[in-house]
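Report on the structure given below.
The values are calculated or read from the model by the stated rules, or taken from the named source; none is laboratory data. These numbers were taken from a predicted model, which means no experiment stands behind them. Glycine gets a Cβ as well: all are built from the backbone with ideal geometry, and neighbour counts include every protein chain shown. SASA here: full protein model, heavy atoms, side chains in, ligands and nucleic acids out. Shrake-Rupley method; radii C 1.70, N 1.55, O 1.52, S 1.80 Å.
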Amino acid sequence: NPDLVNELKQEGVNTFYGDAQDPTFLEELNLREVKMIISTIPSVDTNRNLFDIARRAQPDSIIIATADNEKDALTLYDQGLDYVVMPYLLGGQHASELFEKYVFARDGYDMIRHHHLNEITKHKN
């Protein structure tokens, strides 16, 4: 989001804008001092490329990526990523935990609904 990048730059946040699939862009980043990379891009190729460049620059960095399915997650784990987030599995796990905790207690769901709406509003703003 170029508008967000400009806003962050105005606030003094060290921000870069580019295509994560472009190795030249990734090479221009100072990844030697990066301690952790979290990629929310669900592209296996992009995450593999990012991983290769980041590991060359900083072998000790922690790299977390996102995958849409089990096959992609296994591919990324085989590549050596530290952790792979699978949103639909996390969502299912979270829903199951909520049901176990609140079962049919509407007050519990009302409480977490209120909290969730606050988080969504904060994120949106």
Check your understanding: Once P(r) over Cα pairs in 10 Å bins from 0, in percent is worked out from the coordinates, which option in (1) 13, 47, 33, 8, 0; (2) 13, 40, 25, 12, 6, 3, 2, 0; (3) 11, 29, 30, 21, 8, 0 does it equal?
Key -> (3)
Review point. If you keep only loop residues by DSSP, which chymotrypsin sites (Phe, Trp or Tyr not before Pro) in region 1-57 have at most 14 other Cβ atoms within 10 Å of their Cβ?
Key: Phe16, Tyr17
Exercise for review: Please calculate how many Å² of accessible area the chain carries per residue, with a 1.4 Å probe and no DNA, RNA or ligand atoms counted.
Suggested key: 74 Å²
Review point. Which listed residue (Pro23, Val34, Ile53) has the Cα farthest towards the positive end of the charge dipole for the chain, taking +1 on Lys and Arg C-beta and -1 on Asp and Glu C-beta about the Cα centre?
Key: Val34
**Study point:** Cα-centre dipole for the chain with unit charges at Cβ (Lys and Arg positive, Asp and Glu negative), debye to 20
**Key:** 280 debye
Practice item. Rank His116, Ala105, Ala65 by how far each Cα sits towards the positive end of the charge dipole of the chain (+1 on Lys, Arg Cβ; -1 on Asp, Glu Cβ) and give me just the farthest. Key: Ala105
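Excluding Thr15 itself, calculate the net charge of residues whose Cβ lies under 13 Å from the Cβ of Thr15, where each Lys or Arg counts +1 and each Asp or Glu counts -1. Mind dumping the intermediate values first?
Details: positive: Lys9; negative: Asp3, Glu7, Glu11.
Local charge sum for Thr15: -2.
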Review point. Of the accessible area of the chain, with the probe set at 1.4 angstrom, what percent is carbon plus sulfur?
Key: 53 percent
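Using the Kirkwood radius over C-alpha pairs as Rh, can you work out the diffusion coefficient of region 60-116 via Stokes-Einstein at 4 °C, viscosity 1.567 mPa s, in µm² per second?
Reported coefficient: 97 µm²/s.
Report, in debye and to the nearest 20, how large the dipole of region 1-45 comes out about its Cα centre when Lys and Arg carry +1 and Asp and Glu carry -1 on their Cβ. Working shown, then result.
Numbers: 3 positive and 9 negative charges, 44 e Å.
Around 220 debye, computed over region 1-45.
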